[in-house]
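Accompanying notes for the structure given below.
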Amino acid sequence: MCLRRIPAQRVQKGSKIFLRKNCSDHGPFESIIWRGLSDINEWVNGSDISIPVEPHCPDNCGLCEDHLRNTCCVLINVTDNCNLNCRFCLADQDGNSPEPAFEEIHKSILELIIKDKTLLQLSGGEPTTRKDLPEIISAAKEASAKYVQLNSNGIRLGEDKSYAGKLARAGLSFVFMQFDGTDDSVYESLRGRALLKIKQKAIENCAEHNIGVTLVPTIVRDVNTKSIGEILKYAISQSPAVRGVHFQPVSYFGRIPEKPGESDRITLDELVYEIEKQTDGIIKSADLLPSSCDHPLCGFHGDFVVDGNSLLPLLKRSEKKANCCCGDTTAAEKNREFVARRWLRPAMQPDQREKFNGDIHDMDYFLKQVKTYGFTVTAMAFQDAWNIDFSRLRHCSFHVYDKGRYVPFCAYYLTGWKG
Amino acid sequence: METEKKKLICFKCNKELELRKTDFTYLGHSFFTELPRCPECGQVYVSEELVKSRISDVEMQLEDK
């Protein structure tokens, strides 16, 4: 928690698994990583998750010869400013930070983009607080970024109808929009104000300009742990404008209200369990597969096609060991295309939700539906000073680009318990 | 489909193939589509064009990362 590098081990107590560490200054501490709602060995399925001995991570990140994954998605931070003041914030902005100049961002863009391959995420702070965001998107597209993703709270997109059009014309591919619940009490608790209507408007405005929106809930105990099913049902009802839901169990870095206890953690097995329970089985645990491009304890993915109010799962967990992106650029590229094909909303779709009047097992109907009504359920559990695990860090394929270095996301944003 | 314009004859039974609903499975999923089939022996003709277009498209949609 003071960011000193210390040994760690995973220990089992009953059905629960904890990451236990012992700091010479702060004593022993542990963080729950699995609640035992399913078998962790079946989830990991033979992947090597052993914790490295005497690691040098995360000193000098940049990716080094010990890093086990290539870059799938790359993020640049375009501002530290924000138009919200959330209880939890990875970047801990104060709203008055100097922004990097356009020229600086442009330089990074030119350095990092691999022609017709890169998926670039523009993040912050709140990127839409920058006046030149359309120019940044244009610059990325001119440099031949294949996909440009905006990570946003959606306020500007909801407030200004023409703004989504500007971003679309600049070449924006899709939006990851903070969306914590279908009830304003959730926003009041987490974000400090009612935001549901503006989020809904943002979805509508993006739909008008064919920008796919993936909803991103931060899941916090006793705030929206009971809203998981409602979020998914709402997202399904908004398909094809909404392309999926990307869950982020709360992590404790940046600005946090207090040090986390065991009950503050939402583990991946708990999230998977709650998804099945709260969707009344529309989504089953077996439809959600552990991350193979990253570490299996970092996230999961499920791929579906919306069929009325239900979903047809396209993936099934199996005993077969999953493919990985180990040292192979084509595997990272395959992963990138896998997610982007769903997050991107195909062109030329009608504004009105079509009737689901075919048989999803009819090959032609399936092909028509899957491209329009494809839907992903994904999750990414970020690490913090309590539960950082260098095995996970070395498997990270989601990197922040900063001054010539690609840094695993969790290493980049890691902060000690004092923020 | 170009092959649909031509008459297809079963080599074994010498019967003209007829378009019939045909089931197939891939990666645990079941689909159906109309394919030319021999009314006598039931053999199905899957054209290269179909394999390279729609069937390959289905495969792509169903495969994991």
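Summary of values
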{"read-out": "Search result, residues across the range A:264-315 that are in contact (Cβ under 8 Å) with a residue 60 or more places away in the chain, open to solvent by less than 10 Å² (accessible area, probe 1.4 Å) and of a type in the set (Ser, Thr, Tyr)", "value": "A:267"}
{"read-out": "Strands (runs of 3 or more DSSP E) contained entirely in the range A:1-84, each with at least 2 residues that are in contact (Cβ under 8 Å) with a residue 12 or more places away in the chain and of a type in the set (Asp, Glu)", "value": "none"}
{"read-out": "Hits in the range A:44-57 - residues which are in contact with a Leu (Cβ under 8 Å, 6 or more places away or on another chain) and over 16 Å from residue A:5 (Cβ atoms)", "value": "A:44, A:49"}
{"read-out": "Qualifying residue in the range A:260-276 (condition: closer than 16 Å to residue A:176 by Cα and within 15 Å of the chain's Cα centre (by Cα))", "value": "no"}
{"read-out": "Residues located in the range B:13-40, provided they are closer than 30 Å to residue A:317 by Cβ and either open to solvent by 100 Å² or more (accessible area, probe 1.4 Å) or more than 14 Å from chain A (Cβ to nearest Cβ) (or both)", "value": "B:23, B:25, B:27"}
{"read-out": "Some residue of the range B:41-50 being closer than 27 Å to residue A:341 by Cα, within 14 Å of chain A (Cβ to nearest Cβ), touching a helix residue (DSSP H, G or I) at 6+ places or on another chain (Cβ under 6 Å) and among the hydrophobic types (A, V, I, L, M, F, W, C)", "value": "no"}
{"read-out": "Of all residues making up the range A:197-217, the number that are more than 20 Å from the chain's Cα centre (by Cα) and open to solvent by less than 50 Å² (accessible area, probe 1.4 Å)", "value": "4"}
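The values are calculated or read from the model by the stated rules, or taken from the named source; none is laboratory data. No experiment lies behind these values; they were computed from the predicted model shown. Backbone-built Cβ (ideal geometry, glycine too); neighbour counts: all protein chains shown. Heavy atoms of the whole protein, side chains included, go into the accessibility calculation; ligands, DNA and RNA do not. Shrake-Rupley method; radii C 1.70, N 1.55, O 1.52, S 1.80 Å.
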